[in-house]
Amino acid sequence: MHIVILPTANCVAEYGATLFIDQLSAKPDSVLGLATGSTPLALYHLLIAANQQQQVSFACAKTFNLDEYLGLNSEHPQSYRYFMQQHLFNHIDILPENTAIPDGAAADPVAACARYEQQIIAAGGIDLQLLGLGRNGHIGFNEPSSGLRSRTRIKTLTAATIADNARFFQTGDYQPHLSITMGIGTILDARKIVLLATGVTKASAVKAMIEGPLAAACPASALQLHQQATIVLDEAAASELADIEFYRHIERENQALLKRLKQQ
Ligand code: GLP
């Protein structure tokens, strides 16, 4: 794991946006894995600005979102399809047919899960996957106890996740308890992964992800198995890490090495 600790949530968004812009500059037809939640919003604003200023283009890119609520159709304001349209897709030059999100309204959701896996393979696999982090250590909607090699499937949400996401629903609105999510195995197949976590509410999940054992109890700990996973944290999210000075030291050395290589 490459751990980057930055002073503020804005710096985290800027770091993440740079990774996406660099990815698209190097490979304009990249396959991007995208996430919902509050954490990626600032990064999406930066990508929209960069796209509008013609610093980056999504015209040849394809995207696959991590997850969707089961039982909400794409027009539902709380669906993740709606979220992505509002917060990213409507404002950039991506082709609508190149944006994939699991179908929460599928007549046969089990078949929809298998189809999603096939679509990712047909696109050549995900080059760069963006992740947020649930307070309980979930990634996508892979809740604690999720199989570490799981594939896209229907998952039941925990009471904690339902409560955390209740803020997006109006009182009295139907809030789904089921989702379709890429599995942990699906996520680990991405060539590169960047997970963003900000705020003190994520600090204990961050600690379990980085310093805890590899365990289904903290699905994000599966990233310990990935060869190119970058974890970008603000100070608050990093605040429970026992070895924080060691991670800072490694990152300083990485930066110094990069600088030397650039000067050669
Ligand atoms: C949801 C999403 C996750 C996201 C998590 C954290 O449960 N399925 O992909 O990482 O929320 O969201 P937030 O960034 O709002 O804390």
Could you figure out which of (1) near the ligand (Cβ under 9 Å from one of its atoms); (2) under 18 Å from residue 70 (Cα atoms); (3) open to solvent by less than 40 Å² (accessible area, probe 1.4 Å) isn't true of residue 113? (1)
Residues being within 17 Å of the chain's Cα centre (by Cα) and open to solvent by 50 Å² or more (accessible area, probe 1.4 Å) - total across segment 135-152: 2
Quick one: residue 211 ticks every box in (1) open to solvent by less than 70 Å² (accessible area, probe 1.4 Å); (2) in contact (Cβ under 8 Å) with a residue 60 or more places away in the chain; (3) acidic (Asp, Glu) except a single one, so which number is it? (2)
State which residue pairs qualify: first residue within 11 Å of residue 150 (Cα to Cα) and inside segment 179-196, second residue away from the ligand (no atom under 13 Å from the Cβ) and of a type in the set (Asp, Glu) in any location, beta carbons under 8 Å apart, and separation of 6 or more residues or different chains. 186/117
Just give me the residues in segment 68-102 being acidic (Asp, Glu) and within 25 Å of residue 167 (Cβ to Cβ), in sequence order. 68, 75
Single unsatisfied condition, residue 173 versus (1) in contact (Cβ under 8 Å) with a residue 60 or more places away in the chain; (2) in a helix (DSSP H, G or I); (3) open to solvent by 40 Å² or more (accessible area, probe 1.4 Å): (2)
What are the pairs with Cβ atoms under 7 angstrom where one residue, in segment 34-60, is farther than 29 Å from residue 167 by Cβ and within 16 Å of the ligand (Cβ to nearest atom) and the other, located anywhere, is open to solvent by less than 40 Å² (accessible area, probe 1.4 Å) and at pLDDT below 95? Sequence gap at least six, or different chains. none
Looking at segment 126-167 only, could you name the residues that are basic (Lys, Arg) and either farther than 18 Å from residue 101 by Cβ or part of a loop (DSSP other than H, G, I, E, B) (or both)? 135, 149, 151, 167
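The values are calculated or read from the model by the stated rules, or taken from the named source; none is laboratory data. The shown structure was predicted, so the numbers you read here are calculated from the model rather than taken from an experiment. With ideal geometry, Cβ positions are generated from the backbone for all residues, glycine too; neighbour counts draw on all protein chains shown. These area figures cover heavy atoms from the full protein model, side chains too; ligands, DNA and RNA do not enter into them. Shrake-Rupley method; radii C 1.70, N 1.55, O 1.52, S 1.80 Å.
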